[in-house]
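The values are calculated or read from the model by the stated rules, or taken from the named source; none is laboratory data. In this text, all values refer to a predicted model and were calculated from it rather than measured experimentally. Cβ: placed from backbone, ideal geometry, glycine included. Neighbour counts: every protein chain shown. Accessible surface areas use protein heavy atoms only, side chains included; no ligands, DNA or RNA. Shrake-Rupley method; radii C 1.70, N 1.55, O 1.52, S 1.80 Å.
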Amino acid sequence: METIIENELVRDLANKHGRTRESLLPILQDLVVHNRYLSKQDMVDVARELDISAADVYGTATFYTFLDTEVRGKYIIRICKTISCAMKDKHGILSTIEEILKIRLGETTPDRKFSLLETNCIGWCHKAPALLINDTPYTELTPERVTEILREYIKK
């Protein structure tokens, strides 16, 4: 008996990307773009649509740091945690962000405007320290520069 998927978005994405194991990551990425995170129900629906285990979907979703499995803020700040950034005062940048937003790593502001996360290399080691706000990279940061950047986002 065929299971009917009520999640039209999952069905549409499966129609777009296919229903093979190789389609899993593009479907999950598109769900994050659309919903800003992957709900448990979305992961179950993807598993059903692709006829793979929910554990397989969950394992993939939690392996990749950019596939959020919980609600995040409108602006997701991902600060690089590599040695290159650490050597260039990433900790000073992180402290500045935490002080301005009044949150710690892994937290979201009460108004859900900002989330602060640590991530693996974002590919800007030559211009460390670096961070991303959503998909926009910011490099060669100083506490003063990150303060200016955050003030602009706070105004939005």
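In terms of modelled amide H atoms, which long-range or inter-chain residues lie less than 5 Å from the amide H of Ile76?
Ser115, Asn134
Given a cut-off of under 8 Å on Cα pairs at least six residues apart, what relative contact order in percent is computed for the range 1-60?
So the answer I get is 36 percent.
When each pair of different Cα atoms in the chain is counted once in the 1/r mean, what is the Kirkwood radius in angstroms, to one decimal?
One over the average 1/r among Cα pairs gives 16.9 Å for the chain.
Computing the accessible area with a 1.4 Å probe over protein heavy atoms, can you report the carbon and sulfur percentage for the chain?
50 percent
Based on the Kirkwood radius over alpha-carbon pairs, what value in µm²/s does the Stokes-Einstein equation return for the translational diffusion coefficient of the range 68-117 at 20 °C and 1.002 mPa s?
After rounding, the answer is 190 µm²/s.
If I take all pairs of Cα atoms in the range 79-156, what percentage of them are more than 19 Å from each other?
Beyond 19 Å sits 27 percent of the P(r) for the range 79-156.
Could you work out the local net charge near Arg19, counting Lys and Arg as +1, Asp and Glu as -1, over the other residues with Cβ closer than 11 Å to its Cβ?
+1
What lysines sit close enough to Lys81 to cross-link, taking a C-alpha to C-alpha distance under 19 Å and skipping anything fewer than 8 places away on the same chain?
In chain and number order, the partners are Lys90, Lys127.
With every protein chain kept in place and ligands, DNA and RNA left out, what is the accessible area per residue of the range 33-127? Probe 1.4 Å, answer in Å².
56 Å²
Taking 8 Å as the Cα distance limit and 6 or more residues as the minimum spacing, I'd like the relative contact order of the chain as a percentage.
After rounding, I find 19 percent.
What share of the DSSP beta bridges in the chain is antiparallel, in percent to the nearest 5?
55 percent
I'd like the accessible area for His34, computed on protein heavy atoms only with a 1.4 Å probe and all protein chains in place. Round to 10 Å², please.
120 Å²
Could you give me the ³J(HN,Hα) list for the range 112-119, computed from phi with Karplus coefficients 6.51, -1.76, 1.60 and θ = phi - 60°, whole Hz, x at Gly and Pro?
6, 8, 10, 10, 10, 10, 9, 9
From the square roots a ≥ b ≥ c of the eigenvalues of the alpha-carbon gyration tensor of the range 1-90, which class results: rounded (a/c under 1.5), prolate (a/b over b/c), or oblate?
Prolate.
Can you sort Tyr58, Tyr37, Tyr138, Tyr75 by solvent-accessible area, 1.4 Å probe, largest first?
Accessible-area ranking of Tyr58, Tyr37, Tyr138, Tyr75, largest first: Tyr58, Tyr37, Tyr138, Tyr75.
Please turn the phi angles of the range 96-101 into ³J(HN,Hα) values with the Karplus equation 6.51 cos²θ - 1.76 cosθ + 1.60 (θ = phi - 60°), one per residue in order, whole Hz, x for glycine and proline.
Whole-Hz 3J(HN,Hα) from phi for the range 96-101: 4, 4, 4, 5, 5, 8.
Return the distance in nm (one decimal) between the two label points of a simple spin-label model at Lys127 and Glu70, each offset 7 Å from Cα along Cα→Cβ.
So the two model labels end up 3.2 nm from each other.
In whole Hz and in residue order, list the ³J(HN,Hα) couplings for the range 18-32 that follow from phi through the Karplus curve 6.51 cos²θ - 1.76 cosθ + 1.60, θ = phi - 60°; x for Gly and Pro.
Along the range 18-32, the couplings run x, 10, 9, 4, 5, 7, 4, 4, x, 5, 5, 4, 5, 4, 5 Hz.
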